[in-house]
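These notes are about the structure you will find just below.
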Amino acid sequence: MDRRSPMTSRTTTEPAVNLDAIEEPAVRPTEAADADESPLNLHLQQLAYVRALERWGTATEAAGRLQVSQSALSQSLSQLERRLGVPLLERDGRRRQLTEAGREVARFAGETLARAGALRDWLEAYAEGRAGTLRVGMIDAASLYALPSAIRAFRESHPEVQLELVVDRSGVLLERLGRFELDLAFVVGPASPEFDAVEVLREPLYLYAPPGTAEEPADGEWVLYPPGRQTRRIIDAGLAARGIWPRISLESDNPAVLGQMVALGLGWSVLPEGVVEGVSPELAASRRDQIAERTLLA
């Protein structure tokens with residue numbers, strides 16, 4: 001279940017600023033009066049003009065490269081000089097060149113335009129889910145065997161996305177998803193109408209016996225998930241349908257712990273097959289009937 005789509009990554013190159021897309025910021029009349037008095041009220045377009053003049057040497061060449069009229073470029077630079085209170089250009093014969101202050105503004109302009117371009121690229125990637133942080137919650141079983149390979153593949157193919165993982169029970173993950181502390185959660189169904197959800201897999205839950213036991217399931221001790229867990233509700237319904245009301249000796253949210261307890265002979269349990277395969281071959285061989293089925297949602 002998720003609040004937004006998973007992110008991917010991109011590799012960025014040196015940013016380039018599209019001057020046609022740079023607009024003078026809109027301000028209220030009262031703000032405009034204050035802004036004119038501030039030497040830091042610099043527009044990206046004006047900075048781009050100074051940078052172009054430094055790069056190409058003459059106003060004619062700079063205006064041609066930027067595809068603006070020379071008069072528009074000159075007017076903008078004159079306005080910037082008035083705002084800064086220092087001359088940015090000086091005459092050298094028939095041509096104008098940058099003053100020391102102009103060269104410092106040009107250096108600042110280069111850094112600022114590069115950062116503005118990088119910010120634009122990052123925001124574009126973020127909006128498309130190719131950058132940023134993806135916070136993923138999952139139940140124990142998903143973290144043990146259902147998702148590790150997918151997580152490794154995602155990290156290798158999307159190195160620019162910061163992946164944060166949380167392992168907890170379904171109820172807690174859904175609460176955190178509702179508080180926008182997670183972007184995506186892998187939980188046991190059924191789906192909640194509050195979230196968008198897709199089915200990831202359907203997982204059989206099998207009965208596992210303590211090695212060498214001669215007892216019937218109804219007569220033995222049990223190790224199960226705690227009450228109130230969605231998987232426990234599914235298991236209880238499956239056992240009740242077979243006339244079994246388990247006598248619980250141990251409860252744990254960790255299915256691997258439950259598998260170990262069965263392998264040690266401490267009781268019967270109902271577990272996903274994927275968990276048991278990682279515990280011991282002997283426990284896997286003790287599998288009995290399928291008791292229920294649960295659905296993993298994302």
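Across segment 66-78, what is the total count of residues that are touching a helix residue (DSSP H, G or I) at 6+ places or on another chain (Cβ under 7 Å), assigned to a helix (DSSP H, G or I) and not aliphatic (A, V, I, L, M)? Spell out the reasoning first.
Let us first name the residues in segment 66-78 that are touching a helix residue (DSSP H, G or I) at 6+ places or on another chain (Cβ under 7 Å), namely 66, 69-70, 73-74, 76-77.
Now narrow it down to the ones that are assigned to a helix (DSSP H, G or I): 66, 70, 73-74, 76-77.
This time we only want the ones that are not aliphatic (A, V, I, L, M), so: 70, 74, 76.
Adding up the residues that qualify gives 3.
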Qualifying residues in segment 63-81 (those that are under 16 Å from Val105 (Cα atoms) and under 45 Å from the mean Cα position of the chain (by Cα)) - the one surrounded by the fewest Cβ atoms within 10 Å (Cβ to Cβ): Gln79
Where a residue in segment 284-296 is closer than 15 Å to Pro211 by Cα and its partner, wherever it lies, is in a strand (DSSP E or B), with Cβ under 8 Å and at least six apart: Ser286/Tyr208; Arg287/Tyr206; Arg287/Leu207; Arg287/Tyr208; Arg288/Tyr206; Arg288/Leu207; Arg288/Tyr208
Segment 96-119, subset in a helix (DSSP H, G or I) and of a type in the set (D, E, K, R), residue nearest to Gly57 (Cα to Cα): Arg103
Checklist (1) over 24 Å from Leu147 (Cβ atoms); (2) surrounded by fewer than 19 Cβ atoms within 10 Å (Cβ to Cβ); (3) among the hydroxyl-bearing types (Ser, Thr, Tyr) applied to Ser286, failing item: (2)
Residue ID - nearest to Gly102 (Cα to Cα), chosen from residues in segment 35-49 that are assigned to a helix (DSSP H, G or I) and at pLDDT below 65: Asp36
Matching entry among Thr112, Thr133 (being among the polar types (S, T, N, Q) and buried (at least 16 other Cβ atoms within 10 Å of the Cβ)): Thr112
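The values are calculated or read from the model by the stated rules, or taken from the named source; none is laboratory data. The structure presented is a predicted model; accordingly, all values stated were derived computationally and were not measured. Every residue, glycine among them, receives a Cβ derived from its backbone with ideal geometry; neighbour counts consider all protein chains shown.
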